[in-house]
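S.K.: Structure incoming, see below.
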Amino acid sequence: MRVVVGTGGRAARYWATHAPALQAEILALESYRFAERQEQSLSLGWGGFLRPRNARLYARNSRLLNAFLGENSVDAALIDSDYHVLPLLSSGVPITALGQASDVVRRCAADRGVPSVSTGALLIERLDAAFQRAVSLRTLVPAFEPIDFGIARATAVPLIVREEFTVPVAAPIGGPEAVRVVLSGSGIGSAPLLAWARRHSLTVLDSLGGDSWAVDAQGRPVVDRASAVVIQGGLSSISECIARRRKMIVVPIPGHAEQRANAFEVERRGLGLSVAELSEPPGALLERLARSTIATQDIHWPRVDGAKVVAGILLESLGLADARA
């Protein structure tokens, strides 16, 4: 089976390092640029592509994908972004979409609805969920709990983490720092987080920053050394903290409903603390975290074997169910 990963920017550098071990190939796309002021606004999505430079990059990336699809027979595509779906649709490739928008909409509309989510931000999630369903044969939705969305072709799957985060969780091994800061792969909206980390001389773990950032010499995730991890509200960082049983201090990016919903869910489940901004020193945040979360032994930690579940679904769709092992 041939696996090709089409991505750009920092994600492409990450895959360039890890793809050989996974027997995967990289189709490197050019990276888009968003100004910091845009990163904090609702215009981050499609509006950012209206900038002349990004519009040109989008056209080049679309041509690159069209050329690849014209030269290769593709049996299935898994997308976690809607940006470059047009070449896939025009080529008739069966698409499976991966995204949490359907679950975000469900949680925001629930009786325990997420507070402080604007109508505009929620509308973007609704449109995203509708678009995923429109372009795909099936939508796989990473979720904190198994749920029936009541939506045709939308299936909940467990949270997804990288393989290095699935090693058995042992007792905390301590370390010189009580708090670690993890930067998301995209780096979007990270300026306040980085400024706070520099102000308090905290180590920043860049999730796509290098070959060995995630694990120590013993192959154990470095976040295991922290009593708490400061992150944004992206589902990947939250899922990895859950996999390592680390309490979180979540700082969601303003104007992003999914980040607000994820931070709210972390706090509701007793997994961490949600803060609007980093105005307090680490010690004060740790005290608030201890008061607001429940004892680790009493927590029901969500499943994080979503990668295996998604792989099984894809293999089955390709008639390769026997290849799961």
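The values are calculated or read from the model by the stated rules, or taken from the named source; none is laboratory data. From a predicted model like this one, the values you see are computed outputs, not experimental measurements. Neighbour counts run over all protein chains shown; Cβ positions are idealised from the backbone, glycine included.
S.K.: Are there any pairs with C-beta distances below 6 angstrom linking a residue in segment 134-145 that is closer than 15 Å to Val266 by Cα and at pLDDT 95 or above to a residue that is surrounded by fewer than 23 Cβ atoms within 10 Å (Cβ to Cβ) and not aliphatic (A, V, I, L, M), with the two at least 6 apart or on different chains, and if so which?
M.R.: Pro142/Gly306; Phe144/Pro302
S.K.: Given the conditions (1) surrounded by fewer than 22 Cβ atoms within 10 Å (Cβ to Cβ); (2) modelled with pLDDT under 95; (3) in contact with a Phe, Trp or Tyr (Cβ under 7 Å, 6 or more places away or on another chain), which single one is not true for Pro302?
M.R.: Tallying (1) surrounded by fewer than 22 Cβ atoms within 10 Å (Cβ to Cβ); (2) modelled with pLDDT under 95; (3) in contact with a Phe, Trp or Tyr (Cβ under 7 Å, 6 or more places away or on another chain), Pro302 fails exactly one: (2).
S.K.: Take the conditions within 24 Å of Asp206 (Cβ to Cβ) and part of a helix (DSSP H, G or I) and apply them to Ala307. Does it pass? Step through it out loud before you land on a result.
M.R.: Working: within 24 Å of Asp206 (Cβ to Cβ): yes; part of a helix (DSSP H, G or I): yes.
Here the answer is yes, as Ala307 does meet what is asked.
S.K.: Starting from residues that are closer than 18 Å to Ala178 by Cα and buried (at least 20 other Cβ atoms within 10 Å of the Cβ), keep the ones in segment 206-221 and report whichever is modelled with the lowest pLDDT.
M.R.: Ala214
S.K.: Let me ask something else. Go through Ala311, Ala243, Ala257, Ala321 for me and flag whichever is surrounded by fewer than 17 Cβ atoms within 10 Å (Cβ to Cβ), under 22 Å from Val141 (Cβ atoms) and touching a residue at least 12 places away in the same chain (Cβ under 8 Å).
M.R.: Only one candidate qualifies: Ala311.
S.K.: Out of all the residues in segment 103-152, which are among the small types (Gly, Ala, Ser), surrounded by 15 or more Cβ atoms within 10 Å (Cβ to Cβ) and closer than 12 Å to Ala257 by Cα? Before you say what the answer is, go through the steps one by one.
M.R.: First, the residues of segment 103-152 that are among the small types (Gly, Ala, Ser): 109-110, 113, 116, 118, 120-121, 129-130, 134, 136, 143, 150, 152.
When the remaining residues are screened for being surrounded by 15 or more Cβ atoms within 10 Å (Cβ to Cβ), the result is 121, 129, 136, 143.
Ala121 - this is the single residue of segment 103-152 that is among the small types (Gly, Ala, Ser), surrounded by 15 or more Cβ atoms within 10 Å (Cβ to Cβ) and closer than 12 Å to Ala257 by Cα.
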